[in-house]
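Everything on this sheet refers to the single structure shown next.
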Amino acid sequence: MAAKKMLAKSYAISLMGLAGTVVEVESEISSTLPGFVLVGLPDTSLSESKDRVRAAIQNSGLKMPDRRVTVNLSPASVRKQGSSFDLAIAVSVMAAAGHLNANSVSDWVHLGELGLDGSVRRVTGILPALLVAKAAGIKAAVVPQANFAEANLVDGITVIAVEHFRQVAKMHGSTSVGEVFKTVGTERVFEPHHGITDSNSFLNLDIADVLGQEDAIEAMVVAAAGGHHLLMVGPPGAGKTMMAERLPSLLPDLKLDQALETTAVVSVAGNRRITEGSLLLRPPFEAPHHTASVSSLVGGGLGMPRPGVISLANNGVLFLDEAPEFQKPVLEALRQPLESGEVIINRSAGTAKFPARFQLVLAANPCPCGNAVGTAKACRCSEQQKSKYLAKLSGPLLDRVDIRLQIQAVSPAQMALARSNANSETGDARGSAAMRDRVASARQIAEARLAGTPWRTNSQVPGSYLRKHFPLSASVGARLEKALDQGRISMRGYDRCLRVAWSVSDLAGRDSPNEFDIAKAIFLRGSDD
C-alpha cells in the first residue's frame, strides 16, 4: 500500500456580495493526540462544519483519521462564512489521510454543505462563486445536484453534480466507499437561445390591455427606449399600476453580461430557487409593499450582507405603488443608487457591493383620498394634507425622475373608441411585441451613438456630454433655452429634457432631435416648480 500523504489541499470560494476570493483549503494530519482544528477566520456556521464533516465521512464508509487534523483556510485574513466549505474540507482531509488522490482533489473547487448522513445539500451563491473560480483560472468544480441547473449557466468550466459524499470520494480514487449513485457532469458550451426562461410572468402581460391611455402608453415607450425613471400621478382606477406592471414587456431581452449579473444577485439572495435553464434573460420586475423597510429595499442583514429589492430589480423595473405612503427614509435611500447604479452595504463581516441599475417607476394619487382631480367624488383632504402627502416625494428624488405624467381617468367615450381601435386591423401595433421592437431599435441607435463610452441608454448619459459631443442647432435648442429662462425647468431639468429628447428622436429614427422632439421632452418632463 502506498504511503499516506499527510498534507493535501482543495479549493472553495468565499463570497462577499457578488465579489469573491478563491480559498485554499489545506489539511494536515499530525501524529499527536486526536483532534480537529479549523483556522482561518471561520464564522460560527463554518466552525460547526467539523462535526458535519466527521459524521459525513464516517457515514460514507470512510474512516476519519484518529490523529490531529488541522484545516487552514487561506488567505487567513479573509472572513469565511457559511456551510459551502464543508465539501472542500472533507475531500482535503480525506486526501491528506491518503484515502483520496491528493493530485486529483487539488484540481477542483468543491462547493456544498454536508449532511450528517453524507448527503451533499444545496447552498446559495453557486453562480457568482463559479464565475469567481472561472476568473481565477479554475477549470472544474463539484457542486450539489440541487445546484446543477444554476452551475450549468456558467460556460467554460467543467461541473460535476453530486448527491452524496461517496460520489465525490469515488471520483477522486477511493476504493473504500460502498454503492455510489450516478453523478451528473458535463462541460457546457453556452448557447444564447437555449434553456433561457423569463424571470417572471410579466412578459405575458400586454400593454394592449390598457385602454384609453394612448398618450401615457407612448410616454412609457419613450421611458423604455431611454431607460428613464417615471412618475405617474392620477386618481385611483386610472390605470397607473396596470401600466407599470406592463413596462417590462416593452423592454428588450437582457444581454448576456446583464443576464448573468442579474441571475447572480438572485443566487446570492438565496430566497428564490434557480431551476433548469433559468438564466434571467427578461428584465425583472419588483414591486415592494409600502411598508417595506430601508434594509429590505436597499439590502442588509446581520453579519453577511444580503441584496435588497433594488438589487433584485437590477437591469429591470422597480415599481413603488402609492409612493407617498412609503416611509421617507426609504424613499431617500433610493437617491444614491439612482445616481451610481450600485449599493454598498457595510456590516461586521465586511463590505459588499451589489448592482442596482434599475428603472424606477413611481405612482401616486393627487391627494390622500385620491379624489382631488379627475373624479366625480368630492375630495375630503385639506390643503395641508395634500401638501404633506406629496411632499413625501422630495425635490432631490423627483429631480432624478425624467418623465412625470398626469394620468386622467378614462371617460366612457374614450373607452368605447379604444375598444374599437383594439378590434381593428391596427390592434397588433398597440401590443407589447410591436412596441418592444420599437424600443429595441431605438436602443440599438443609442448604443451605436454611445459606443466607446460606459453608457448604454440615454438616461445614463450626463447632460454635459450630450451638450459637448452632440450639440443642438440654435433653432432646435431655442425652445429649451426659453423654458429655462421662464423658470419652467431648472438646469438639471434642462439636461433631463435633453436626454428624453434624444430618446424621442431615436424612436423616430432621426439622427438628432428636432423641435418636435424637444417640445415633447419638455411636456413629458413637466414643470420643475
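Taking first residues from the stretch 240-267 that are basic (K, R) and partners that are part of a helix (DSSP H, G or I), the Cβ contacts under 6 Å between residues at least 6 apart in sequence or on separate chains come to R246/I207.
Scan the stretch 362-413 for residues that are in contact (Cβ under 8 Å) with a residue 40 or more places away in the chain, surrounded by fewer than 17 Cβ atoms within 10 Å (Cβ to Cβ) and among the acidic types (D, E) and the total you get is 1. Here the stretch 24-66 is the region considered, the condition is being buried (at least 20 other Cβ atoms within 10 Å of the Cβ), hydrophobic (A, V, I, L, M, F, W, C) and over 24 Å from A76 (Cβ atoms), and the residue that is modelled with the lowest pLDDT is L62. Does A161 satisfy being open to solvent by less than 10 Å² (accessible area, probe 1.4 Å) and more than 17 Å from G20 (Cα to Cα)? For A161, the condition - open to solvent by less than 10 Å² (accessible area, probe 1.4 Å) and more than 17 Å from G20 (Cα to Cα) - is met. Counting only residues that are surrounded by fewer than 18 Cβ atoms within 10 Å (Cβ to Cβ) and touching a residue at least 60 places away in the same chain (Cβ under 8 Å), the stretch 67-80 holds 1 of them. Has the stretch 455-470 got any residue that is surrounded by 13 or more Cβ atoms within 10 Å (Cβ to Cβ), among the small types (G, A, S), in contact with a helix residue (DSSP H, G or I) (Cβ under 8 Å, 6 or more places away or on another chain) and within 13 Å of V222 (Cα to Cα)? Yes, there is a match, as at least one residue in the stretch 455-470 is surrounded by 13 or more Cβ atoms within 10 Å (Cβ to Cβ), among the small types (G, A, S), in contact with a helix residue (DSSP H, G or I) (Cβ under 8 Å, 6 or more places away or on another chain) and within 13 Å of V222 (Cα to Cα).
Of the residues that make up the stretch 320-329, is at least one assigned to a strand (DSSP E or B) and either at pLDDT 90 or above or under 23 Å from R246 (Cβ atoms) (or both)?
Applying the first criterion (assigned to a strand (DSSP E or B)) to the stretch 320-329 yields 320.
So of that shortlist, the ones also either at pLDDT 90 or above or under 23 Å from R246 (Cβ atoms) (or both) come out as 320.
The answer is yes, given that some residue of the stretch 320-329 is assigned to a strand (DSSP E or B) and either at pLDDT 90 or above or under 23 Å from R246 (Cβ atoms) (or both).
Count of the stretch 333-366 residues, restricted to those that are in a loop (DSSP other than H, G, I, E, B) and closer than 17 Å to S293 by Cβ, is 3. Evaluated against (1) surrounded by 19 or more Cβ atoms within 10 Å (Cβ to Cβ); (2) of a type outside the set (F, W, Y); (3) in a loop (DSSP other than H, G, I, E, B), G137 falls short on exactly one condition, (1). Residues that are open to solvent by less than 30 Å² (accessible area, probe 1.4 Å), out of contact with any Phe, Trp or Tyr (no Cβ under 7 Å at 6 or more places or on another chain), at pLDDT below 95 and closer than 15 Å to S45 by Cβ: does the stretch 97-109 have at least one? No: zero hits. Looking at I445, I489 in this structure, which one is among the aliphatic types (A, V, I, L, M), touching a residue at least 12 places away in the same chain (Cβ under 8 Å) and open to solvent by 50 Å² or more (accessible area, probe 1.4 Å)? Within the list I445, I489, the selection yields I445.
The values are calculated or read from the model by the stated rules, or taken from the named source; none is laboratory data. What you see is a predicted model; the values in this text were computed from it and never measured. A quick note on method: Cβ atoms are made from the backbone with ideal geometry, for glycine too, and the neighbour counts reach across all protein chains shown. Ligands, DNA and RNA are excluded from the accessible area calculation, which covers all protein heavy atoms including side chains. Shrake-Rupley method; radii C 1.70, N 1.55, O 1.52, S 1.80 Å.
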